[in-house]
Amino acid sequence: MSGRLAVHQAAGIACGMTGKPDRPLMLIGAVWLAGLLLSGWAPHDRATWWMEVAPVLIAWPILFAIRRRFAFTPLALMLIGFHGLVLMLGGAYSYARVPIGFTVQDWLGLARNPYDRFGHLMQGFVPAIVIREIFVRRALLRVRSMLAPIVLLICLSISALYELIEFAAAVALGQGADAFLGTQGDPWDTQWDMLMCLTGAALSLLALSRWHDGMCAHSSFIGRSASAD
């Protein structure tokens, strides 16, 4: 083993990249399973709970299926894991009734429970790193300066698609979709949701890009070396 490879493998291990992609996924799966059981035991509204946790039920099987071909970095997995818990908490109470949101509302003197805003902030903050990782490690862009704008646009597109899903739920369920929509009487709730998503994505890129680049570099190097062996 070359000295360079040893250095990169040591750096990868320090980042939690031990070459065993099952471990972090099993940890996320265990935490998510506990979260699903707790949040789904007696949710405020069962239909709303199913709609809110649906991304979790979709994400984990996908992550597990692709773990050998594309094992996400510890940073991306940590964010994905946290985002899942955010969705479960919102599903358990409905976003407008999450207790910690009422606490923050009282502290800041807000007119509404802000947990829904936080949820949409995370809707941009987490996917930004996931999408960025795919583009960086797959070398999908020749012009690196276009990476951030493309990631932001994709995150905004995801938010817009989610709003259309909420619209479809409202049309199909009528008043039964109120808890899922979580508008809290705000006629501009859809626009605020998309703005929060875009803000979250921008904050994520500004705060985490350099750290993320280091993890992606170690991951790509170790993956190429393992393939060469």
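The values are calculated or read from the model by the stated rules, or taken from the named source; none is laboratory data. Values in this document were obtained by computation on a predicted structure and should not be read as measured data. As a convention, Cβ positions derive from the backbone with ideal geometry for all residues, glycine included, and neighbour counts pool all protein chains shown.
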Open item on the list: Looking at the range 20-28, can you tell me whether even one residue there is part of a helix (DSSP H, G or I), surrounded by 14 or more Cβ atoms within 10 Å (Cβ to Cβ) and modelled with pLDDT of 90 or more?
Closed with: yes
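Residue under question is R97, and the condition is that it be touching a residue at least 40 places away in the same chain (Cβ under 8 Å) and farther than 30 Å from H218 by Cα; does it hold? Full working, then the answer.
Details: touching a residue at least 40 places away in the same chain (Cβ under 8 Å): yes; farther than 30 Å from H218 by Cα: yes.
Here the answer is yes, as R97 does meet what is asked.
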Task: Single match in V104, V136, V151, V143 (criterion: free of Cβ contacts under 8 Å to residues at least 60 places away in the same chain and under 18 Å from the mean Cα position of the chain (by Cα)) - done: V151
TODO: Out of the residues in the range 161-192 that are of a type in the set (G, A, S) and either assigned to a loop (DSSP other than H, G, I, E, B) or at pLDDT 65 or above (or both), state the one that is nearest to N113 (Cα to Cα).
DONE: G182
